[in-house]
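> Take a look at this one; I'll ask things after.
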Amino acid sequence: MANKIIIEFQNGFQGVCRNESGSSLEVAPDKWRPYELLQTALASCMYSTFLDVVNKKKLDYDKVVIAVDGEKIDDIPSFLKKVDITFTVHGANKEDEKILARFEKSLKLAEKYCSIYNTLNKIAELNSTLIFK
């Protein structure tokens with residue numbers, strides 16, 4: 001499956017990225033920076049996969065908040081060294097150990113099947129955590 005984006009930069013690092021559906025995103029030092037976009041891609045890919053799994057398992061929750069904390073090596077060329085991904089699930093039944101275990105399994109499957117996770121896992125240490133609130 002091919003995905004195409006087009007990003008147009010003005011003179012300097014001020015750009016607008018557009019996808020095939022026409023949505024846009026500003027890329028600039030005071031807007032979205034490249035590593036933030038990479039972290040966003042990782043979180044959204046993992047959540048999409050996680051969502052597929054929890055829907056199949058018929059697990060209920062109110063929302064999921066994902067925090068991605070990346071550490072990069074500042075050598076040239078720079079690359080990711082370590083990424084911590086924290087999924088905080090709100091509104092799930094925290095009293096039922098079987099349900100919590102099914103959410104844990106869902107996160108492990110998201111790691112296994114998320115293409116961006118697997119791409120980044122080749123160059124960086126990736127750690128995922130699941131928290132219930």
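Every number here is computed from the coordinates shown, using simple stated rules; none is lab data. Since we're looking at a predicted model, the values are computed, not measured. Note: ideal-geometry Cβ built from the backbone for every residue, glycine included; neighbour counts use all protein chains shown.
> Could you give each residue of the stretch 91-102 its phi-based ³J(HN,Hα) in whole Hz, using Karplus coefficients 6.51, -1.76, 1.60 with θ = phi - 60°, and x for Gly or Pro?
x, 7, 6, 6, 7, 9, 4, 5, 5, 4, 5, 5
> OK, next. Residue 72 to residue 33: extension gain in nm, 0.36 nm per residue of separation minus the Cα-Cα distance?
12.7 nm
> Could you work out the mean projected area of the convex hull around the alpha carbons of the stretch 18-58, in square nanometres to one decimal?
3.8
> At a 10 Å Cβ-Cβ cut-off, how would you order 7, 85, fewest neighbours first?
7, 85
> How far apart, in nanometres, would the label points at residue 23 and residue 98 be if each is projected 7 angstrom from Cα along the Cα-to-Cβ direction?
The two pseudo-label positions are separated by 3.7 nm.
> Please list, ordered by chain and number, the residues whose modelled amide H lies under 5 Å from the amide H of residue 128; skip anything fewer than 5 residues away on the same chain.
Under 5 Å from the amide H of residue 128: 85.
> As an exercise, identify the GluC sites (Glu not before Pro) in the stretch 72-133 lying in DSSP coil whose Cβ has no more than 15 other Cβ atoms within 10 Å.
Here the sparse-neighbourhood loop sites are 95.
> What lysines could a cross-link reach from residue 108, if we take a straight Cα to Cα line under 30 Å and drop same-chain neighbours fewer than 8 places away?
Counting by Cα, and skipping residues close in sequence, residue 108 has these lysines nearby: 4, 56, 57, 58, 63, 72, 81, 82, 94, 98, 122, 133.
> Now for a different question. Scan around residue 81 for amide H atoms under 5 Å from its own, H built in the peptide plane at 1.01 Å from N, and keep only partners 5 or more places away or cross-chain.
71, 72, 73
> In addition: Between [x] 14.8; [y] 16.5; [z] 16.1, which matches Kirkwood radius over Cα pairs in Å calculated for the structure shown?
[y]
> Go through the stretch 14-30 residue by residue and turn each phi into a ³J(HN,Hα) via Karplus (6.51, -1.76, 1.60, θ = phi - 60°); whole Hz please, and just put x for glycine and proline.
In residue order, the calculated couplings are 9, x, 10, 9, 10, 9, 5, 8, x, 6, 10, 8, 7, 10, 5, x, 9 Hz.
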